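A short reminder: the numbers here are calculations on the coordinates, not readings from a lab. Quantities reported herein were computed from a predicted structural model and do not represent experimental measurements.
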Amino acid sequence: MNLNLNKFLSQLNPVPTNFGACWLCCLRAELSAGLCQTCYGDLPRLAPQPLVADHEHTRLWLAALAYQQPVERWIHDFKFNGISGLSSHMAPLLAAQAVKVYQHEQLYLPEVLVPVPLSERRWLHRGYNQSQLLAAELSKILAIPLQEPLNKRHTGENHRLTASQRRHNLAEAFYWREPLLAKRVAIIDDVITSGATVEAMAAVLRQEPCLVDAWGLAYTLPPSA
Ligand SMILES: [Zn+2]
């Protein structure tokens with residue numbers, strides 16, 4: 001697996017224009033984050049505070065958007081339909097949310113952004129790591145370095161498993177690629193659902209003395225929310 005090629009390709013990643021039309025309703029309009037004013041205003045934004053969640057290895061979780069339509073469709077295009085450049089539209093939403101949450105909590109921003117790695121098999125299939133692209137854009141906006149200290153083994157189709165099966169599967173999935181260069185870390189993911197992925201990563205990262213937060217572009221609200 002040539003990770004330098006991954007980095008090289010992500011730097012070439014063009015900002016997709018959708019021919020001047022909104023990504024969600026396809027109407028031609030003045031666009032913010034690639035969306036018309038109506039779609040941009042209707043995004044299901046989350047309050048600028050940490051997500052209430054059960055964390056064992058992370059300090060806080062935050063996300064910009066609720067994972068529901070039309071965000072699901074937007075992220076599906078980003079992740080599965082090859083429109084990798086949507087990262088440049090999406091990252092500013094997450095960057096703004098992160099700054100607000102850290103101000104709200106009176107915390108320092110992390111020293112390094114760590115995208116959730118893809119297994120080699122998944123990367124070869126998709127051609128890019130959507131979390132790495134989001135993290136690269138966030139890194140530019142927030143002037144926080146990106147580091148990829150972990151690799152991931154292929155663990156099969158996790159989205160078909162229960163939360164406890166996922167946790168079991170993920171416990172062995174992440175392993176060190178290079179030493180961590182910071183003490184305050186934010187894991188970057190496109191969608192945080194059960195949090196099993198970020199918790200499994202944080203468990204490995206915390207083998208080094210560090211504080212780990214988790215940022216997702218979107219968050220799957222639990223059924224009770
Ligand atoms: Zn629209």
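Taking amide H as placed 1.01 Å from N in the peptide plane, A63 has its amide H under 5 Å from the amide H of L51, G216, each at least 5 places away in sequence or on another chain. Extension gain for K140-F19 works out to 41.0 nm (0.36 nm per residue, less the C-alpha to C-alpha distance). The stretch between E120 and E105 holds 1.7 nm of extra length on full extension. This uses 0.36 nm per residue minus the Cα-Cα distance.
Both radii are taken from the alpha-carbon atoms of region 37-143; with Rh as the Kirkwood radius, Rg/Rh is 0.96. Counted over the chain, the DSSP beta bridges are approximately 25% antiparallel. Cα centroids of region 189-206 and region 105-182: how far apart, whole angstrom? If we compute the Cα centre of each part, the gap is 8 Å. Taken over the Cα atoms of region 113-225, the convex hull encloses 112 Å³ per residue.
Put simply, the chain fits an ellipsoid with semi-axes of 26, 20, 18 Å; these come from the alpha carbon gyration tensor as the roots of five times its eigenvalues, largest first. Calculated [222 nm] ellipticity per residue, helices only, for the chain: -11000 deg cm²/dmol; basis is -39500 (n - 2.57) per DSSP H run with n ≥ 4, divided by all residues, nearest 500. Radius of gyration over Kirkwood radius for region 16-58, both on Cα atoms: the Rg/Rh ratio is 1.25. Between R184 and L27, residue separation times 0.36 nm minus the direct Cα-Cα distance comes to 52.3 nm.
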